[in-house]
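See structure below.
All of the numbers you see were taken from the coordinates with simple rules; none came from a lab. Computed from a prediction, not measured in an experiment: that's the story for all the values here. Quick reminder, even Gly has a Cβ in these numbers, built from the backbone with ideal geometry, and neighbours come from all protein chains shown.
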Amino acid sequence: MKISYCFLCELFPIALFFSPSYYKISKYLLSDTYFDICNKKTKEIQGLLLSATLKNALINVPFYKKNVKINPKSIDSDTAYSFLLEFPFISKETVMENVNKFISTKADKRFLFYLTSGGSTGTGIGLWRNYDEVLANYAFIDHMWGKYGYNRRYKTLRIGADSVAPLNKTPYKRIGKRLLVSPHHLSERLLPDIASAIQNFKPDYVHAYPSCLELLAGFLKLNDIQIRTKGVFLASEEIYPGQIDLFSEVFKSPVFFHYGAVEQVLLGYGCYNKGHINYHFHPFYGLAENFKDENGNFELVGTGFWNNTMPLIRYRTQDYGKISDEISKCDNCGLSWPTLDKLDGRLQDYLITKYGSYYPATSVSIDKFIWNYVETFQFVQNTPGEVELHIIPRPSYDDEIEKNIFEAQRTKLSCWFDSIKIVKVNEITRTCAGKRRLVVTSNEIHKKYGGRNK
């Protein structure tokens, strides 16, 4: 079954589409106690959610019934966490090889939604959800964005997978209160027309892939085009400090971002302060853990609370970063949740240094001045210890600018890479969903360095 929740909300009163879980979650989120994971009430609610998740899996899901020998009746809110530790870690490959075994025997596929990831960072994954579970995720997102005044009655500029259009079609279209701009059409030739359409639309909010908005924002800044909004929401890609600063400057509004994925096991609220990005994991969405491999790398692991149709328990996300051992109140946003101090990136988003070690994409940075001279960029590696910075130059780009860009990158990267080159290109390939990979490494490197090391 395929259906667009956002599209239906444009046509009918939104309350018609709310589900029991939507109201239940909204009620939880009205309480101030959820701001503090150490609060007794918050711990109690999380324990109840985890207990219900584990019981459902053991009773109704073939994979867990076969592989986890625990009596569901022995689990309650107080013992749920200790029993969780008896569940095995599961990988994306395990899920995709045993899809039907992860689906609840109570589910009827005729009434389920099939959700897929784009697979831009490796193998994609497909998951089954019922309508109530789809809406549960929206409840968290609506509440999260609502802190910036957002509701679905405001006009929104959308640049993402649901706005992709064939190259022979118009680059934008309006549906209700949303202006959909196709990521694949964000070229120097079409950006003037796109910018004019956005100005006429007068969006209240922007919801976009960071790499797509980067192209638009760079064009607006270069041409001194003013488009002011109430807020910018970024999703589906990693975000970098330089992008946040650029979007804040261009749109003159707060920039909000979060960590999440189609698997719906973790939801991390983005927190940005003085050039540093971290994520606070919502205690009512899922339970966050780390999986530490033999080389000391920390992989994010999540157990989602709102996926009874196809529950993922202790799911290895292929995203890396260490969750803080201690929970304390964030000085910047005030949340006291499990915190990821630095998202090191996905399994594939690494360069290999001259020492044979991994250099995460999140450590790559570009200076602000580049946006006046470059449309977009990408780091490409074909040989360990060597890196190429591929750029699409603007008309203002010249030899002096190239020298400045090179020197800036050499200063940052020469300790790790023997060779750093700038390569001018006409196009940087995007995924079918319109995403741009910041780092691309050759198949030979993936084969040789398929695992991670220190």
What is the calculated FRET efficiency for GLU188 to ILE422, with r their C-beta to C-beta distance and R₀ = 22 Å, to the nearest 0.05?
0.70
Stretchable slack from ASN71 to LYS173, in nm (0.36 nm times residue separation minus alpha-carbon distance):
31.3 nm
Could you tell me which chymotrypsin sites (Phe, Trp or Tyr not before Pro) in the stretch 308-417 are loop residues by DSSP with no more than 15 other beta carbons within 10 angstrom of their beta carbon?
TYR355
Per 5 Å bin from zero, what fraction in whole % of the C-alpha pairs of the stretch 350-448 is there, up to the bin with the longest pair?
2, 12, 24, 25, 19, 12, 5, 1
Under 5 Å between amide H atoms, partner at least 5 residues away or on a different chain: which partners does GLY231 have, H built in plane at 1.01 Å?
VAL206
Linear extension gain, LYS40 paired with ASP224, 0.36 nm per residue minus alpha-carbon span
61.1 nm
Pulled fully out, how much extra length does the chain show between GLU326 and TYR131, if you take 0.36 nm times their separation in residues and subtract their Cα-Cα distance?
66.6 nm
Under 19 Å from the ASP398 label point (7 Å along Cα→beta-carbon), backbone N, the stretch 214-240:
222-223
Listed residue pairs exceeding 22 Å between alpha carbons, taken from LYS354/LYS447; LYS41/LYS66; LYS177/LYS435; LYS292/LYS435; LYS27/LYS252; LYS368/LYS424:
LYS41/LYS66; LYS177/LYS435; LYS292/LYS435; LYS27/LYS252
Among beta bridges that DSSP assigns inside the chain, antiparallel share in %, nearest 5:
60
List the GluC sites (Glu not before Pro) within the stretch 384-454 that fall in a DSSP loop (any state other than H, G, I, E or B) and whose Cβ has at most 10 other Cβ atoms within 10 Å.
GLU427
Taking the Cα centre of each part, how many Å lie between the stretch 41-62 and the stretch 303-343?
17
Helix 20-30 versus the longest principal axis of the chain: what is the Cα-based angle in degrees, 0 to 90, to the nearest 10?
70
Cα-Cα pairs of the chain separated by more than 42 Å (percent):
16
Cβ-derived FRET efficiency at R0 41 Å, ALA52 paired with CYS432, nearest 0.05:
0.70
Just in the stretch 48-142: which GluC sites (Glu not before Pro) are loop by DSSP and have at most 11 other Cβ atoms within 10 Å?
GLU86
So how far apart, in nm, are the two label points at PHE89 and LYS342 if each is 7 Å from Cα heading toward Cβ?
2.1
Estimated FRET transfer efficiency (HIS276, LEU30; beta-carbon r; R0 30 Å; 0.05):
0.50
Could you check the simple spin-label distance between LYS368 and ASN98, using points 7 Å along Cα→Cβ, in nm with one decimal?
5.2
